[in-house]
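Contents: one structure, followed by commentary.
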Amino acid sequence: MKFAPLTLAALLLAAPAFALVPITQEEHINKTLLQGFIGDAIADNCPTIEARTLRALGELNKLRTYALKQGYSEAEVRAFVTDKAQKARQKAEAASWLAANGAVPGKPDEYCRIGEEQIAKNTLVGYLLRSTK
């Protein structure tokens, strides 16, 4: 019984270590959403690649479930995915990733090349896309 107060104190001091990072900084959520934004940009810029909308919705549902299991509230998740500043940030990150991989705005062939590569590699980006060639 003498150790109970020490154990309680240790747990209370450790509690902040278990606190959630802001959802805007949660790595898995942000990396997954980035893949979706990359896929959207490819589908928007390549005439021979389409988005697989139902797959994308399924991935969003899985991501929502993941976020809730991590301890984020429904309101936090909803606020995050509808925040215009966050969408702009993620679109900019997707554009940066695409540029680093050779995509040039106005040149659909490069977007198509990247999209076909992602589909062939069966990445999440590729899983969200369909080639119509």
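Values computed for the structure shown
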| item | result |
| --- | --- |
| Selected residue (criterion: modelled with the lowest pLDDT) from residues of segment 45-60 that are out of contact with any strand residue (DSSP E or B) (no Cβ under 8 Å at 6 or more places or on another chain) and within 20 Å of Ala103 (Cβ to Cβ) | Ala56 |
| Where Leu124 falls short, out of the listed (1) among the aliphatic types (A, V, I, L, M); (2) over 17 Å from Leu60 (Cβ atoms); (3) touching a helix residue (DSSP H, G or I) at 6+ places or on another chain (Cβ under 7 Å) | (2) |
| Any chance Leu8 is aliphatic (A, V, I, L, M), assigned to a helix (DSSP H, G or I), exposed (fewer than 11 other Cβ atoms within 10 Å of the Cβ) and at pLDDT 95 or above | no |
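Rundown of residues vs (1) in contact with a Ser or Thr (Cβ under 9 Å, 6 or more places away or on another chain); (2) within 22 Å of Glu116 (Cβ to Cβ); (3) not basic (Lys, Arg), yes/no style:
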{"residue": "Thr24", "(1), (2), (3)": "no, no, yes"}
{"residue": "Asn45", "(1), (2), (3)": "no, yes, yes"}
{"residue": "Ala56", "(1), (2), (3)": "no, yes, yes"}
{"residue": "Leu63", "(1), (2), (3)": "yes, no, yes"}
{"residue": "Tyr66", "(1), (2), (3)": "yes, no, yes"}
{"residue": "Ser73", "(1), (2), (3)": "no, no, yes"}
{"residue": "Arg78", "(1), (2), (3)": "no, no, no"}
{"residue": "Lys87", "(1), (2), (3)": "no, no, no"}
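The values are calculated or read from the model by the stated rules, or taken from the named source; none is laboratory data. No experiment lies behind these values; they were computed from the predicted model shown. Here the Cβ is made from the backbone with ideal geometry for all residues, glycine too, and neighbour counts use every protein chain on show.
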